[in-house]
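Asks: Mind looking over this structure? Questions follow.
The values are calculated or read from the model by the stated rules, or taken from the named source; none is laboratory data. Given the structure is predicted, the values throughout are model-derived calculations rather than measurements. We place every Cβ from the backbone using ideal geometry, glycine too, and count neighbours over all the protein chains shown.
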Amino acid sequence: MPEQADQNGRVPAKVAVLGAGSWGTTFAKVLADAGTDVTLWARRTEVAEEINSTRVNAGYLPGIVLPQRLRATDDAAEAMHGTDAVVLAVPSQTLRENLAGWQPLLPERATLVSLAKGVELSTLKRMSEVVSEVADVAMEQVAVVSGPNLAREIAAEQPTATVVACNDHDRAVALQQACSTPYFRPYTNTDLVGIELAGACKNVIALACGMAVGLGYGHNTMSSLITRGLAETTRLGVALGAEPMTFAGLAGLGDLVATCMSPLSRNRTFGERLGRGETLAQAQDAAHGQVAEGVKSCSSIRQLAARTGVEMPITDVVHRVCHEGLEPGPAAAELLGRERKAE
Ligand SMILES: NC(=O)c1ccc[n+]([C@@H]2O[C@H](COP(=O)([O-])OP(=O)(O)OC[C@H]3O[C@@H](n4cnc5c(N)ncnc54)[C@H](O)[C@@H]3O)[C@@H](O)[C@H]2O)c1
Ligand SMILES: O=P(O)(O)OC[C@H](O)CO
């Protein structure tokens with residue numbers, strides 16, 4: 001229907017971002033800097049008040065001054081009222097519960113945008129699948145933003161590219177326009193499966209890289225993990241219907257390199273603590289409530305791989321280090337001692 005096509009291709013003028021953590025706040029800034037009217041929902045009233053009165057979200061992005069066009073609220077209904085797009089910026093394992101609460105408030109035809117990088121533990125579903133199911137909308141109404149996007153660097157306006165993925169190309173183009181700024185360059189893609197699996201799996205490989213750093217290993221080890229991590233991620237993605245080339249792109253190799261190499265990554269930092277001998281609980285305490293998504297997704301991705309009949313040896317040892325008491329040193333030895341094979 002022409003009216004529908006029109007709606008899909010319309011650039012969102014008013015957007016709600018639900019979740020005022022590191023990435024939600026940063027992405028809200030990107031949208032505002034792109035000229036979009038943004039309301040940011042914060043779970044805690046004091047965070048919304050702080051943003052409105054000081055223009056800073058000190059708990060997550062100290063020193064970053066947020067644009068005037070960005071308003072914060074602790075009222076989700078107010079945030080979503082009259083919006084063309086709703087951005088979901090909460091952890092992947094709580095997205096279902098969060099969205100179920102917001103579902104009655106969602107504007108009927110708004111594009112629902114997931115920023116979360118994970119695979120749901122209980123169902124092994126990707127985030128777009130969870131969104132489509134809970135919001136009861138067609139997959140064409142759901143978009144994903146994923147790429148080498150460490151929030152802190154983007155908040156500081158360092159040049160960065162990303163991918164806006166949606167099965168509906170017109171919707172992806174509209175969202176691309178709504179979040180394009182001089183420092184943030186989104187590309188479009190329609191391979192939702194590949195983009196989302198790449199984003200979830202790279203967190204697990206970053207945990208492995210962090211463990212390697214914690215064990216005192218250098219760049220050869222990291223590079224080996226990144227390359228073989230990409231190989232196992234691609235195997236899983238292709239088995240589940242993704243385009244192989246997606247894994248060579250920004251949301252694949254791009255995000256994998258950024259996350260595995262950066263001390264800003266929470267997943268890599270978490271892995272580093274485990275590599276230095278800290279327990280899971282100690283590493284969790286040190287994360288101060290911020291999510292290292294790979295700690296949970298290593299288990300769901302491992303199950304997804306088993307169900308699909310795909311070998312993911314790095315993901316397997318990361319799961320066993322995080323949840324079954326395997327030590328990082330013996331985990332590395334186990335990976336090196338696997339049956340010899342061709343690349
Ligand atoms: N931080 C980054 O650099 C970055 C970049 C790209 C993607 N992501 C992804 O975006 C998602 C959100 O990440 P983030 O960095 O904003 O996380 P964060 O931990 O900084 O913030 C999470 C936000 O969700 C809110 N929230 C709402 N309900 C919650 C609940 N039940 N439990 C916990 N938190 C709840 C928290 O209050 C907080 O504002 C993750 O999936 C992450 O992988 C993060
Ligand atoms: O801090 P991390 O490890 O959650 O990684 C953040 C982003 O996903 C990097 O693109």
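Asks: What's the number of the condition Leu150 fails, among (1) within 12 Å of ligand 1 (Cβ to nearest atom); (2) under 18 Å from Ala242 (Cβ atoms)?
Replies: (2)
Asks: Considering each of Gln303, Gln284 in turn, give the residue that is without any contact (Cβ under 8 Å) to a residue 40 or more places away in the chain, in a helix (DSSP H, G or I), away from ligand 2 (no atom under 13 Å from the Cβ) and not basic (Lys, Arg).
Replies: Gln284
Asks: Still on this structure, I have one more. Is it the case, given these coordinates, that Val137 is assigned to a loop (DSSP other than H, G, I, E, B), modelled with pLDDT of 95 or more and away from ligand 2 (no atom under 16 Å from the Cβ)?
Replies: So Val137 passes the test.
Asks: Can you tell me which of (1) assigned to a loop (DSSP other than H, G, I, E, B); (2) assigned by TED's automatic domain parsing to the domain that holds Ile226 is the one Glu343 doesn't meet?
Replies: (2)
Asks: Can I ask one more? Conditions: (1) assigned to a helix (DSSP H, G or I); (2) assigned by TED's automatic domain parsing to the domain that holds Met312. Glu196 meets all but one. Number of the miss?
Replies: Status for Glu196: all satisfied but (2).
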